[in-house]
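The values are calculated or read from the model by the stated rules, or taken from the named source; none is laboratory data. What you see is a predicted model; the values in this text were computed from it and never measured. Cβ placement follows ideal geometry from the backbone for every residue including glycine, while neighbour counts extend to all protein chains displayed. Quick note on the areas: whole protein, heavy atoms, side chains included, nothing else; ligands and nucleic acids left out. Shrake-Rupley method; radii C 1.70, N 1.55, O 1.52, S 1.80 Å.
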Amino acid sequence: MTNNDVLRSVRYMLDLSDASVSGILALADCEVNAAEVHSFLKKEDEAGYRPCPDVIMGYFLNGLIYQRRGKSEDAPAPTIERKMNNNIMLKKLRIAFDLKSDDIIELLKRADFAVGQSEIGAIFRKPGHKNYRECGDQILRNFLKGLTMKMRPVKK
């Protein structure tokens, strides 16, 4: 998934305005104005679309962690990855929403996507580990869908 897709998904899930997204970035010491954020949130075929750089996505996810869990003065700030991938995004989202592996499996089930405990564990391993597995777009997309279903339940 592209950084823009994940950004749009999280924005919808949490019902954030462009200014709120800009505020989340500011929590991680990254200044991006609302107009720039708006260009990241546009679809690829819309005028004014700009791809969201990996560094900006890293700042956004770190800011989301700070917003949802608070900034700890004792713990060092999370690193800003220069190159994002689905594994890193899933890890940071797991931290931001305080999820365990069982919670992730439950969210994926909510989106009608079944995976096992070992498969989720492999995604969170370090690259180079013999059981490391890359997180595919399908897993990240369904995780975000399940998390959105949890955060924004359908009103009947």
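Descriptive notes on the structure:
Matching residues to (1) hydroxyl-bearing (Ser, Thr, Tyr); (2) closer than 28 Å to Pro53 by Cα; (3) open to solvent by 70 Å² or more (accessible area, probe 1.4 Å):
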| site | (1), (2), (3) |
| --- | --- |
| Asp74 | no, no, yes |
| Glu81 | no, yes, no |
| Asn87 | no, yes, no |
| Lys92 | no, yes, no |
| Asp112 | no, no, yes |
| Arg133 | no, yes, yes |
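- Number of positions in segment 44-59 that are over 15 Å from Lys92 (Cβ atoms) and either open to solvent by less than 90 Å² (accessible area, probe 1.4 Å) or without any contact (Cβ under 8 Å) to a residue 12 or more places away in the chain (or both): 7
- Applying a threshold of 6 Å to beta carbon distances and a minimum spacing of six or more residues, or different chains, the list of pairs starting in segment 84-103 at a residue that is over 13 Å from Asp137 (Cβ atoms) and ending at one that is of a type in the set (Val, Ile, Thr) and open to solvent by less than 20 Å² (accessible area, probe 1.4 Å) reads Ile95/Ile65; Ala96/Ile65; Ser101/Ile120.
- Conditions (1) without any contact (Cβ under 8 Å) to a residue 24 or more places away in the chain; (2) open to solvent by 90 Å² or more (accessible area, probe 1.4 Å); number of the one not met by Gly121: (2)
- Within segment 114-123, the presence of at least one residue that is more than 15 Å from the chain's Cα centre (by Cα) and closer than 23 Å to Asn62 by Cβ is confirmed.
- Complete set of residues in segment 135-156 that are of a type outside the set (D, E, K, R) and surrounded by fewer than 16 Cβ atoms within 10 Å (Cβ to Cβ): Gly136, Gln138, Met149, Met151, Pro153, Val154
- Single condition Leu41 does not satisfy, out of (1) surrounded by 15 or more Cβ atoms within 10 Å (Cβ to Cβ); (2) more than 17 Å from Asp5 (Cα to Cα): (2)
- Checked against (1) touching a Phe, Trp or Tyr at 6+ places or on another chain (Cβ under 9 Å); (2) farther than 28 Å from Val32 by Cβ, Asp102 passes all but a single condition, namely (1).
- Pair list, Cβ under 7 Å, 6 or more apart: segment 19-34 residue over 9 Å from Phe60 (Cα atoms), other residue modelled with pLDDT under 95 and polar (S, T, N, Q): none
- Residue match in segment 60-67 (condition: more than 15 Å from Thr2 (Cα to Cα) and open to solvent by 50 Å² or more (accessible area, probe 1.4 Å)): yes
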